[in-house]
Every structure is written in structure tokens, then in C-alpha cells.
Amino acid sequence: MNSKLKIAIAVTLGTASLLLGIYFYLLQKDFSRDYKEVSGQFHTLESSFGQINYEILQSALFAYHNQDTISSRLTKLRETYKMLTESSMLRQKQYARVMKAVEDAADDIDNYENGINRYMMINAGIKNSFVFLASLMRKDASSLSLDKELQDEIYTIIDQFSTARRMLDADYLDDTEKLLEKLDNSHLAKNQREFIDTFILHAKFIIKNFPNYINSINSLLQAQTELNIRQIRELFIKTSQNDFQILDRLAYILLGVFIIAMVMIISLLIRSGIENIRLLRLQKELQYSLTHDQLTGLLNRVSYDTIIQQTNVPTLLLLNINNFKHINDFYGNETGDIILQEISSLIKLPLIEPYNPKFFRMGGDDFGILLNKTDLVHAERSARAIATTIESYPFIVDNIEIFITVSISVNNVDPFMENADMALKHLKTDYNDNVIVFTTDMRLKEKVQLNIATMQRIKSAIEENRIVPYYQPIFNLQTEEVEKYEALVRIEQRDDKVLKPSDFMDVAVQTPYYKEISNSMLEQTIARFRSFNYRFSINLNMRDILNSSFNKDFFKILDQNIETARRLDIELLENEELFNLDLVIDFIHRVNRYGCRVAVDDFGSGYSNFSYVSSLPIDILKIDGSLIRHIVNDKRKLNTVKTIIAFAQNLKLEIVAEYIEDRETAELLKSLGVTHAQGYYFGRPSKTIV
Amino acid sequence: MKKLILLLTIFAAVSIAGPIVPLPRKINDIDIKKALLGRKLFSETLLSSDRTVSCHSCHSFDYGGADPRIVSVGIDEKHGNIQSPTVYNSRYNFKQFWNGRVNTLKEQADGPTHNPMEMGMNALLIEKRLNNDKEYKKEFAAVYGSSEIRYEQVIDAIVEFERALVTPDSKFDRFLRNEIKLNKEEMKGYLAFKQRGCITCHNGINIGENSFQRMGLFVPYDFNGSYPDRHSVTHKEQDKNVFKVPTLRNIELTAPYFHDGSSKTLDKAIRKMSHHNLGVNLKEDEIHNIVQFLKTLTGKRPAILDLK
């Protein structure tokens, strides 16, 4: 598993546990609120029964009783019950059974309430009657002078009533009715009759209603409804246990997810810590390997480039092991490496402080020692000390001592590395010493040597006929066909490399070989086109046509090839040197007579001069490649080209554009009025003509 | 249960509250602005279909919140089927209507507006009429903050007003609070009221209104089934001729008496009640004293009626 995925998982788990935590919190908050509410309502409901029963017993016992308490408790009970039936918690699916039971209890509640109402109705009458029976006797009976037997009878009846009431037992009234009948049948005075009638009315009321009264009290007190509600509450609590368990489980899951997330985060932190340390070390190593040479531990070439720029007055000692290639070949690369390592230590031995030396391995067997703020005398002394140290050190290879010689150049002239390198080459070829100090004349010598080399190349090329014309097609933009070819000089080297004019012409013009190159080109080209019926052009320098010797040879060749010369065009290369305009005009007239046309080449480059071009009787103007190459994007060059075209059109000159490398440039030029074009887009210079 | 009885006997002495409780002198749970809007609606004939009847038509403040007619007259001169009970102190009633068919004032107020005999309206029509009245719209908006008047708000305001209709500081309440003494006759009347058993049913804060009782508990009372009694709610044989025990507060002002308005004076009512429901025939002086006592139950006119 990659670390990104791990981080994603840890973040997801973390977020999940957070969200789950919030969800859990809200859930349990809602749940416990709902639970408290509903169980509270059940509790209120249950306790209402007890309170009402208490009130009922009070109302049964006391003559005067405020019934508001009963009615308000009943109201409360009814309201609580209504809240239960509307409870959102019980409406959830898992509480369907509880809800059903609650709803089913509606009749119970109604019956209970009706029972109480009924009880209160009977209770009022019974109570009043008992009061009457008692007070009647006390107040009225005494004044009525009832006879003893009647009085006893009445007392017996009252005693039966009071026992029945005390015992809440109707059985005590079993024979009361008979006594009443007897009472009713007695012969009485009118006022006695009225009293006895009222007495009998109440007594009969009690006898008739007392069993109902007791039943009604008992049924209220035994309260099946209360039992039912308790059972519903128990069912509710049992059902809610499931929810509690779900909450419990959720809490465990939450804890689990949280712990996993924490473990992952912690392990990721630890890992990333380790990773960081590793990265830091790697970075250091990388930094080191970027700035240091792996084999020797010295600073490397990259470091040198940086350090040299930060050094105020640098002097560079460049050390090269003589014949190191030989050592490597003879003793093996391993030995070579050991020697390089040992040298890297040896060069540090001579005391060349306080010049703040820095040691480099420049690559291969080149070492550099950079000194700061020293003079050449001290630097050379240091170089010699180093050379001596190394050359006197016996390197042990396979128990054989071998000695090594080195060359050291000392240089304090910018560019430090190049100059030191040049000096080292001088040391290796010219000197018999092991230390050399760079001097500026070494650079001139270098150039001369290069020129000599080039000259030798040209010389051998002429001798071995390796001056070769390459031909590049020139297109007519109107007909879109090849109209002519330009012959371009090349030297084919022995190693198959092809030299362009820029590689050797600067040197060639300084030498007598130049004329030979020109002649050779002319002869070969004419020979080639003798049988190849296209126009073609050759390049001549202004200097050439002013050279009488050249002129002589040139026209001699033309004379020998009158037919072919008719298709020859001459491209004149401008030159910074002053020249005789008349002589040039003469030359042009002269070649015109052979049928040759004359072009001014590279117009628009360095020395272009509108005035002299307009005074030459030429036919063709070739726009310099440096203008053409960027014409599409460079507005100034485009404007210059437009000017040149307008100029050429005014002089009625044929216009050839060079260096066309793409279609876009070609079409732009065509739209500007250029008639002829050459370049890689149309065809590369080639030895053979297709 | 035995335990409960034991407990009862132990606590009986201390748990006896007075059988009658005075009305609070001041009620603090009223939203006055709402109650004043309710007051206006209470007398609003727009609430009846032919715009002739309001709540006040049958619950007159000049007659103790009740109707002096034997039965009230609703829209189109239609006659009601029972004597109109008082609206005063009705917030303390355990149930509403003579037969206690609803529990709350809110449910009660919903009744007459829809009763075809009384106001013959429906919620939509009431809303429409009130919403057409710019003044009502403004007043409702001030109380309820909504732009459209809804029927529930109408009922709510009326109920709030009714809850304010309390008549405190009757002579008897002041007696109960030990502020004054009753005169001899009144005191004798109160004693008879207790001894003769009136108090068995007429007790509590509203002196009644906390239980049902049969008209004719001892001596059967004329029953012809034309009055909406408790039986019309429970459909139980034993609930025939059973009505809610009415309040005795302001009884002096709310003649005629009983569900059938059959007694025009207090002494006749007492005579009828004691005969049928107490099984006694009271002596003339007792009746006189009880009347004197009942007259002490007249409280002050509810403050909300005269509030500006």
C-alpha cells in the first residue's frame, strides 16, 4: 500500500470517526431525551393512579372534600396519556408494539375515568345519606318522642349501616331491609311519619347503592388499568433496551474506528518522520555527490564552476598525470583508481596555506588546486612542491614500486580553466619540465597552430583531390520547378567528415591554395554541367576578380568551355575591402559576353551597400539567409526584406532568397514578390544531382 | 391497599384542605393584547352566518356570563336545547358543556361557531370575513405577526379572553381569606350548605364543576331525553339525566337555573335540588339562609371587561 493511499484512508477514517462521533452524540442525545420524556410520561401516568386512588379514599372518608384535586389529576392523566399517543419516539417502527398497547389502553383510560365519575356520583349520595342518618337521629329524632322499641330498631339499623361502612362490606345490610319494612309498617303520628319516611328514603338509598359503591371503590382501587400501564411501561423499557444496545454497539464501533484512525495516523507520523530523516540524509548525500567526486572525495568540476566565481583573486593549478592511460591499460582500472585516490591525498600534503587551497578532481586524471590571493611565484612554487611530492612517492602495485610523473600548469588569467588547459598542452608538447605558468602569448601560438593544421588539411585535400563541389537546387517559385544549381565548395576529409567553407576558407584565403580551390571548383563544376543541361552558379570573391592571375586562369577555362559557360552564373561575395568599382564593372561586362549572368550574394548581411549594388550592372540579387531565417516572426527583418525586394524590383533584378527551411517562409516570400528560392525546404547541397 | 388505607388514616388530619377555595385575586398568565382581541371577537356578530349572533348573545356580561332566557336563541331565531351556562370562571371547569363532552375551552369555543343552531359557521367563512376587515387584519397582525388571519388564531384569542373572565373577591372568598365575617344568616346558610350535603358536590375552587351528578339522585327527576345529558356522550343507561355539577359562583346573576332553566329564583332552585338530590325537605328559614349564603358568592366583574 502506498503512503498516499494510507494517508487517504487515515484522513477518511479520521473524518468518519468525527462524523460518526457527532452522529452518535446527536443520536444518543435525541434518544436519551426521548427516552426520558416517554418513560417520564409513563411514570406520571402510573403515579397518577396512586394519587387519584388516594384522593378517592379521602373523598370516601371525609364528609367535606374538595374534588378539584381528583378532576385535575384526571385531567393530568388524560393529557399525559395523549402525549404518549402522540410521542414521536413510540411512532418508530421498533416501538410499534408499545404504541399499539398504548393505543389499546384508550378504552381502559376512558373506563377508568367513567368509573371515577360514577364513583363520585354514588359517593355523594351515600355520604349524604350517612350524614343524614346520623344527624337525623341526633337533631330530629330526639324531639319526636318515638317509643323505645322504635328507637332501638332505628339504632340497630344505624349500627348496621355504620358497621357496613366501616368494614366496606354490604353483607352487614342483609336483614336491614326487613327492619325497614317493620319500621314502615309501624303506626306513627304525622310528624313521626315524615321523619320515618325520610329515614327510610335514605336507608333504602344506601341499601340499594352500597354494593355498587363498594364495587366501584374496589374496582378503582384494584385498577386493572394501572397494571396495564405498568405492563406497557415494562414493554417499553424492554424494547428500548434494544436501542440502548444499538447505541452501545455504535459506541464500540466508533471507538474502534477512532482507535484505528489514531493508530494509522500515529504510524504514518512515525513513518513520515523516518522518511524525512532518510530524505534529509539522501539530500545531503545527493548534495555531496553533486559537488564531490565519488572516487576521491575531492570537489568536482561542478563545484569548481561555482567556487571559481566566488573567488576574488584565483590562481588555478591544473594537474595531469602523465601517461595515465598507459597506467590504466597496464595495471588495470582498479590500480588506476587507487592511484587517483592516493594522488588526491598527496596533492594536499605540501603546505600551501594561507592561500585557502581548494582541491578538485576535474575529471579523468585531471586535478585542480585553486588558490586565492597569491602571486604566480608562490603558486608556481606550490605546483613544484606538489609535483615533487607525487613524483617522489612510491606507489606500490602488486608489491612493485612504481613512480608517476605529472604535469602542472599554473594560471591566473581568465578564462582560468581554458588557459590552464592550453598551458598544460604546451607543457606536454614543448617543454621538458613538469610545471608551466600560463602566458598570454600561448593563446596566439595556439591559433597559429590551428591555422597550420587547417592549412595542412587544405593542402592534403588539394593533393588528394578532396576539394569537392556540392550542388544545391534553386527553385523558381512561379513554376515550382528546379531552375538552376549553386555549386558550393566542400573538403571531404579522410575520416569522411565534410568541411564547410566556414571551416577552412578563412585560412584558405590567406594562402596560395585559395586560387587552386577556386580553379578546381570551376573546372569540376563546368565539367559536371557540360552534359547536364541546367543553369548553375559558382561563388567568387570580389578579391578574386581583382586578381589578374585569377582572371587569366578563369577566362582561359571559360574560353575552353564556351558552350557550358553560357549557362554559368557568377555569385559575387561582398567584401569589406575597398575595391575598384570600374574593374568590377569591366569584369561583369566581360563575363556577360560569355553569356554569364552576375549575382550579388548574401545581400543584406554585413557590408551591403545599396549604392554600389545599384551601380553594378548585375542581373540577380541574393538575399542573405540571416534575414530570411526569422522573417516569419521578426517584423524588422520582414520590413528589411520588403525594402530589399522593392529595391531589386526597381532595378529589375531577379531575386533569390536563401535558407528557406519551411513552407510558411516560402509562401510568405512568394507573396512578397521573390521569384527564386533555395534552402533545405527545397533541397540540401549534395554531391550528386538527382 | 391496606397500606394505603393505613397511610390515609395517618395523614387524614393534615391533608384536609378547605372544601371551597377562593379565586385568585389576580391572574398572571394572560396575554392582555390577545385577550383584548378576544374580547372584541367575543362580541363579533361576523362570526355567525347571518351576522346576528355573537358569543356574547348567550353569555352576557350583564347576566353573570350566562343567558337570562330559558334557552338561548341562535341564528334565524333558532332555539337551543339547553340553558346557557356561564362563561365566567370557566377556565376552572373540569370539563365543558352541561354534559362535559369536551375537556378544554379551546374545544368548547369550536363548538357553538359550528353548531347549526347557534352560529352556523365554518372556519373558512370566518377566516374570509375577518380577512376582509382591515381593522381585524391589523389587530391580528399585531398579536400573531402573520399577514393572514387563521381560524385557529380566532379561537385562540377568544379562549385567552375567556381565561381572563374570573370574578374574584366575592364576599365569601374574602371570608375564606379571613378578611371579613359573614353575617348571621349567611353563616347559618353556609353551615346548612355543608350539613345538608350540598357541599358534597358543590366544592372546589368553582364550587362545583369538578364532577358529574344525576339530576334526581334520591327522588327521580322528570326525564324526557330532550336534553343533551351525559348519556348522549357515554350512551350508558346510568348516565341518563346526568349533568356536570354547575358552578355556584355568581349564581345570583345567572337565573334561570338548571339545565332546563326550570327554576327562576334561588329559593325555588334550592327547594328543587334538596328534594331531588339530597332527599330532604328543607325548612323555610334554612332555605332563606342558604339563599343569603349563595348571594355572597357573587364576585367582582372581570377586570378584562373594563380594560382600555
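The values are calculated or read from the model by the stated rules, or taken from the named source; none is laboratory data. As the structure is a prediction and not an experimental result, all values here were calculated from the model. Please note: Cβ atoms are built from the backbone with ideal geometry, for glycine as well, and neighbour counts cover all protein chains shown. Side chains are part of the model used for accessible areas, which takes the heavy atoms of the whole protein and leaves out ligands, DNA and RNA. Shrake-Rupley method; radii C 1.70, N 1.55, O 1.52, S 1.80 Å.
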Size of charge dipole - the range A:3-233 - debye, nearest 20, with Cβ of Lys, Arg +1 and Asp, Glu -1, no other charges: 1600 debye
For the range A:8-128, please report how many Lys pairs fall under 19 Å Cα to Cα, leaving out neighbours fewer than 8 apart on the same chain. 4
What is the ratio of the Cα radius of gyration of chain B to 2.2 N^0.38 Å, where N is its residue count, to two decimals? 1.07
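Just how large is the dipole of the range A:272-352 about the Cα centre, in debye to the nearest 20, putting +1 at every Lys and Arg Cβ and -1 at every Asp and Glu Cβ?
Once rounded to the nearest 20, the dipole reads 240 debye.
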Note, the range A:581-597: 3J(HN,Hα) by Karplus (6.51, -1.76, 1.60, θ = phi - 60°), whole Hz, Gly/Pro = x, goes 4, 4, 4, 5, 4, 4, 4, 5, 4, 5, 6, 3, 5, 7, x, 7, 9
Using the Cα atoms of the protein assembly as shown to build a convex hull, what is its mean projected area in square nanometres? 87.9 nm²
A:Ile52: net charge of surrounding residues, Cβ under 12 Å, Lys/Arg +1, Asp/Glu -1, itself excluded? -1
Range in chain B, longest, excluding exposed GluC sites (Glu not before Pro) [loop by DSSP; at most 16 other beta-carbon atoms within 10 Å]: B:1-147
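Could you work out the relative contact order of chain B, using alpha carbon pairs under 8 angstrom and six or more residues apart, expressed as a whole percent?
The value is 23 percent.
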Counting GluC sites (Glu not before Pro) as exposed when in a DSSP loop with at most 12 other beta carbons within 10 Å, what is the longest stretch of chain A free of them? A:87-463
Among rounded, prolate and oblate, which fits the range B:246-308 when a ≥ b ≥ c are the square roots of the eigenvalues of its C-alpha gyration tensor, a/c under 1.5 means rounded, and a/b larger than b/c means prolate? prolate
How fast does the range B:39-163 diffuse by Stokes-Einstein, in µm²/s, taking the Kirkwood radius from C-alpha pairs at 4 °C and 1.567 mPa s? 88 µm²/s
Computed [θ] at 222 nm, deg cm²/dmol, chain A (DSSP H ≥ 4; -39,500 (n - 2.57); rounded to nearest 500): -21000 deg cm²/dmol
Label-reachable residues, the range A:75-116, where backbone N falls under 15 Å from a point 7 Å from A:Asn215's Cα toward its Cβ: A:115-116
Ranking A:Tyr534, A:Phe550, B:Leu176 by how far each Cα lies towards the positive end of the charge dipole of the protein assembly as shown (+1 on Lys and Arg Cβ, -1 on Asp and Glu Cβ), the top one is B:Leu176
So for chain A, averaging the separation of alpha carbon pairs under 8 Å that are six or more residues apart and normalising by length, what relative contact order in percent results? 8 percent
Can you grab the distance from the C-alpha centre of the range A:82-154 to the C-alpha centre of the range A:271-322, Å, no decimals? 108 Å
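So which trypsin sites (Lys or Arg not before Pro) in the range B:175-216 pass both tests, a DSSP loop state and at most 15 other Cβ atoms within 10 Å of the Cβ?
Details: sites: B:Arg177, B:Lys181, B:Lys184, B:Lys188, B:Lys194, B:Arg196, B:Arg214; in loops: B:Arg177, B:Lys181, B:Arg196.
Sparse-neighbourhood loop trypsin sites (Lys or Arg not before Pro): B:Arg177, B:Lys181.
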In Å, what is the Rg of the alpha-carbon atoms in the range A:126-245, and how long is Dmax? 22.7, 83
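Can you list which of the trypsin sites (Lys or Arg not before Pro) found in the range A:194-270 are DSSP loop residues with at most 10 other C-beta atoms within 10 Å?
Within the range A:194-270, no trypsin sites (Lys or Arg not before Pro) qualify (loop, at most 10 other Cβ atoms within 10 Å).
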³J(HN,Hα) computed for each position of the range A:297-302 - Karplus, 6.51 cos²θ - 1.76 cosθ + 1.60, integer Hz, glycine/proline x: x, 7, 5, 9, 5, 4
In the protein assembly as shown, what percent of the accessible surface is made up of carbon and sulfur (1.4 Å probe, ligands and nucleic acids excluded)? 54 percent
For the pair A:Thr85 and A:Ile265, what calculated FRET efficiency results from E = 1/(1 + (r/R0)^6), where r is the Cβ-Cβ distance and R0 = 51 Å, to the nearest 0.05? 0.55
Using a 1.4 Å probe on the heavy atoms of the protein chains only, list every residue of the range A:194-239 that has 50 Å² or more less accessible area in the complete assembly than in its chain alone. A:Leu201, A:Phe205
So what is the accessible area of the range B:232-308 per residue, in Å², with the probe set to 1.4 Å? 44 Å²
Among A:Leu318, B:Phe212, A:Leu298 - extreme Cα towards positive end, dipole of the protein assembly as shown, charges at beta-carbon: B:Phe212
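With the contact rule set at Cα under 8 Å and sequence spacing of 6 or more, what percent relative contact order holds for the range B:32-163? Let's see the in-between values first.
Values: 201 pairs, mean separation 40.0, N = 132.
Result for the range B:32-163 is 30 percent.
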When we measure straight from the Cα of A:Lys642, which aspartates and glutamates land under 20 angstrom away, once same-chain ones fewer than 8 places off are left out? A:Asp601, A:Asp602, A:Asp619, A:Asp624, A:Asp634, A:Glu654, A:Glu658, A:Glu661, A:Asp662, A:Glu664, A:Glu667
Beta bridges by DSSP in the protein assembly as shown, antiparallel share as percent, to the nearest 5: 60 percent
Name the trypsin sites (Lys or Arg not before Pro) in the range A:521-599 that are in a loop by DSSP and that have at most 14 other C-beta atoms within 10 Å, would you? A:Arg566
Inter-centroid distance (Cα atoms) of the range A:194-220 relative to the range A:470-517, Å: 149 Å
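Take the alpha-carbon positions of the range A:450-677, form their convex hull, and give its projected area averaged over all directions (one quarter of the hull surface) in nm².
The directionally averaged projection comes out at 13.1 nm².
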Charge dipole magnitude, Cβ of K and R +1, D and E -1 - the protein assembly as shown, Cα centre, debye nearest 20: 3820 debye
Chains A and B: buried accessible surface, both sides, probe 1.4 Å, rounded to 100 Å²? 3300 Å²
Excluding A:Asp496 itself, what net charge comes from residues whose Cβ is under 13 Å from its Cβ, given Lys and Arg +1 and Asp and Glu -1? +3
Choose one of A:Asn476, A:Met455, A:Ser605: the residue whose Cα lies farthest towards the positive end of the charge dipole of the range A:450-677 (beta-carbon charges +1 Lys, Arg; -1 Asp, Glu; about the Cα centre). A:Asn476
In whole Å, what three semi-axes, largest first, describe the equivalent ellipsoid of the range A:3-233 built from its Cα gyration tensor (square root of 5 times each eigenvalue)? 64, 14, 11
Between the range B:51-86 and the range B:272-291, the alpha-carbon center distance in angstrom: 29 Å
Among A:Lys204/B:Lys283; A:Lys204/B:Lys236; B:Lys106/B:Lys268; A:Lys445/A:Lys515; A:Lys459/A:Lys552, which pairs are too far apart, with a Cα-Cα distance over 25 Å? B:Lys106/B:Lys268; A:Lys445/A:Lys515
Projected area of the range A:347-435, taken from the Cα convex hull and averaged over every viewing direction, in nm²? 6.4 nm²
Check each residue of the range A:45-78 and keep those whose accessible area, probe 1.4 Å, is at least 50 Å² smaller with all protein chains in place than in the chain alone; give them in order of residue number. A:Tyr54, A:Leu57, A:Phe62, A:Tyr64, A:Asn66, A:Gln67, A:Asp68, A:Arg78
Only residues of the range A:500-533 count here: report those whose backbone N is under 18 Å from the spot 7 Å along Cα→Cβ of A:Thr429, or say none. A:507
Net +/- balance of residues flanking B:Ile70 in space, Cβ distance below 11 Å, scoring K and R +1, D and E -1: 0
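Would you mind checking B:Lys188/B:Lys272; B:Lys240/B:Lys300; B:Lys26/B:Lys181 for any pair whose Cα atoms are more than 31 angstrom apart?
B:Lys240/B:Lys300
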